[in-house]
Every structure is written in C-alpha cells, then in structure tokens.
Amino acid sequence: MSDRYGMDVLSGDWKSKGRLARPTSRAMEATPGTVVEDVETGWVGAVVAVEKAGGVHVVHLEDRRGKVKAFPLGPGFLVDGAPVSLTAPKGAQRAALAAAEKQASRTASGSVAVHDAKARVAIGSRIFVEGRHDAELVEKVWGHDLRVEGVVVEMLDGVDDLAAAIRDFAPGRGRRMGVLVDHLVPGSKESRIVAEANKVAPEHVLVLGHPYVDVWQSVRPQRLGMEVWPTIPRSMEWKRGICAHLGWPHDSQADIARAWKQILGTVRSYADLEPALLGRVEELIDFVTAPEG
C-alpha cells in the first residue's frame, strides 16, 4: 500500500531535473492493452481504463494477477524502459478504451464493477458507523459494492451506549450487525465500551475499529500535501486544529463541514485510504454478507 498520490512527486517533468540530464518524457495516449510501469512504485500493468475523478484524470493498470490500481495520468511512467507522459485517449482510441472499461472496470474499492445491475432490496444485516463523515467516506469508496449486496450503512452518532444500540437493533439469524468504531486502541474509552458491547450478541455482531482519532485521519496525508497528519494539542478540538494547520477557516461548524468536503474530494479510490481502515471495512462487509450456516 505504498503511496502513489503525493502532491509533488509527479508534478512537472521531474525526470529532467537533477545534476545529470535524463531523457525527456514523450507524450503517449493511454490506449487499452498498453503495458506501462509506474516509476514511483514499480507497478507494471496494462491500461484498462482512464477516467476523471475529483477533477483529475487517472489511469487504471491491471497487473498479470488481475489486480487493478489507479495512478494520476501524466508523467512518471515507462514503456519498454523509455519515459512517457500518459495522456487521455482521443477519437477511435477513446471508443476502444470505453469497450475495455466495460469489460474490466473496477469500483473505487478495487472490486470488479457490476454493470447494469439494479441495487438489491436491502437485506436485514446492517453496517453501523459513528457519524456522517464515516458514512460518506464508506459510501464514496464502497457504495457500489454495498448496493450490489443490498447492505445499508447507518449512523450511530457516537458509541457511548453501543450495547443499547445493539439491543435496539436486535441482531439474530439473517440480521447481522457490523460496527465500525473510531479510535479503537488499547486502553481507550472506546476499547472499554466495545468490550462490554461484545457480550450482547457475539454470534451476530462484529465490532471493529481503526486507530485514528477521526475518520479524517484515515485519508492518506499526502492527498492534502502533508507527509503526516499533525499532532493537535488536547486543548484544541481536533478537527479545528487540523483546519488551522492547513490554513483553512475553522471558526464555525460550516467551516468544518466545508473542510471535510475538501478532504473527501481528494479520495478517488481505496488507494487514497490507510490500510488500517480498508481492512476493517472489508472485514465488516464480508461478515454481514456471509451465508448463514
């Protein structure tokens, strides 16, 4: 899960910089089937899709094992060992790419997209998250998958009384409950709450958590031009501290809402999220959709 979306890595023709002159990238259309290598990560794959996401064109490369990853379109690639700058296809190549996309496109979560499928009637099982921001992030990355499976995501508005929320949901056969908890680390208040909640219906409830103070922190910091998320003093509310660090307005709740929209807008696929969140959400989806024995 090495980062491929640093803000400055691929800006400009970086190969020409430095003490020794390097070959200049030549422009090349990202046509379906073209095998290229991403210089930054070493990922080698064939072009299967080009799309515009979050105002940025990205190219999807499928490796020999069938796994697909997305990269920003532009410089930073090799074809037969020569540097190239990938561009969006035009004309006939666009039509060919559209056909390839229909056969091999992936959702934001990295799974194969199910084309022309209507959302299933909601099943009894549910996934619960702590708040609106968590729900919006899950929808953006896993929304297609969840609609295909018929899984609804609901908000808890906090987990202070998680045991009562589980009892209210009344989990049972055909009605599983998955819960995603923020800042679930040993010794925390959340860990004690989860330990108590796990006693309610252990066969039909799975509570998992990520270590981040807030779901904002599960977005790779490089997407916002940072190497790491800053440490915010406990005397300052965390989200406002983040906004202040980034130089964004942070006086009102409307400012915080706009900041989240800006952060969410940088998320184009699962590759923009930290593994500690990805694994937990995937595990919850598997749990609530697994066949009953």
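Within the range 221-278, if we keep just the residues that are of a type in the set (Lys, Arg) and closer than 25 Å to Pro72 by Cβ, the residue that is most open to solvent (accessible area, probe 1.4 Å) turns out to be Arg258.
Restricting the range 51-65 to residues that are open to solvent by less than 30 Å² (accessible area, probe 1.4 Å) and closer than 16 Å to Gly33 by Cβ leaves a set whose member that is modelled with the lowest pLDDT is Asp63.
Residue by residue, here is whether (1) open to solvent by less than 70 Å² (accessible area, probe 1.4 Å); (2) in a strand (DSSP E or B) holds:
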| position | (1), (2) |
| --- | --- |
| Glu154 | yes, yes |
| Gly187 | yes, no |
| Ser191 | yes, no |
| Glu203 | no, no |
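So which residues in the range 180-214 are within 13 Å of Asp160 (Cβ to Cβ) and of a type in the set (A, V, I, L, M), if there are any at all? Val181, Ile193, Val194, Ala197, listed by residue number.
Residues in the range 283-293 that are open to solvent by 30 Å² or more (accessible area, probe 1.4 Å), assigned to a helix (DSSP H, G or I) and in contact (Cβ under 8 Å) with a residue 12 or more places away in the chain: how many? Don't jump to the end; show me each part of the working.
As a first pass, look at the range 283-293 and keep what is open to solvent by 30 Å² or more (accessible area, probe 1.4 Å): 283, 286-287, 289-293.
Keeping just the survivors that are assigned to a helix (DSSP H, G or I) gives 283, 286-287, 289.
Narrowing further to those that are in contact (Cβ under 8 Å) with a residue 12 or more places away in the chain: 283, 287, 289.
Count: 3.
Applying the set (1) open to solvent by less than 30 Å² (accessible area, probe 1.4 Å); (2) modelled with pLDDT of 85 or more to Pro89 leaves exactly one unmet item: (2).
Residues satisfying the criterion are present in the range 174-184 (criterion: touching an Asp or Glu at 6+ places or on another chain (Cβ under 6 Å), in contact (Cβ under 8 Å) with a residue 40 or more places away in the chain and assigned to a loop (DSSP other than H, G, I, E, B)). For Trp248, the conditions (1) of a type in the set (A, V, I, L, M, F, W, C); (2) part of a helix (DSSP H, G or I); (3) more than 30 Å from Arg147 (Cα to Cα) are fulfilled apart from (2). Taking residues in the range 245-258 that are closer than 16 Å to Ile232 by Cβ, and partners anywhere that are in a helix (DSSP H, G or I) and aliphatic (A, V, I, L, M), the pairs with Cβ atoms closer than 6 Å and at least 6 places apart or on different chains are Trp248/Ala259; His250/Ala244.
Is the range 222-237 home to any residue that is under 29 Å from Ile123 (Cα atoms), touching a residue at least 12 places away in the same chain (Cβ under 8 Å), in a loop (DSSP other than H, G, I, E, B) and touching a Gly at 6+ places or on another chain (Cβ under 7 Å)? Checking the range 222-237: not a single residue is under 29 Å from Ile123 (Cα atoms), touching a residue at least 12 places away in the same chain (Cβ under 8 Å), in a loop (DSSP other than H, G, I, E, B) and touching a Gly at 6+ places or on another chain (Cβ under 7 Å).
The values are calculated or read from the model by the stated rules, or taken from the named source; none is laboratory data. Since we're looking at a predicted model, the values are computed, not measured. In this analysis, Cβ positions are derived from the backbone assuming ideal geometry, glycine residues included, and neighbour counts consider all displayed protein chains. The area values use the complete protein model at the heavy-atom level, side chains included, leaving out ligands, DNA and RNA. Shrake-Rupley method; radii C 1.70, N 1.55, O 1.52, S 1.80 Å.
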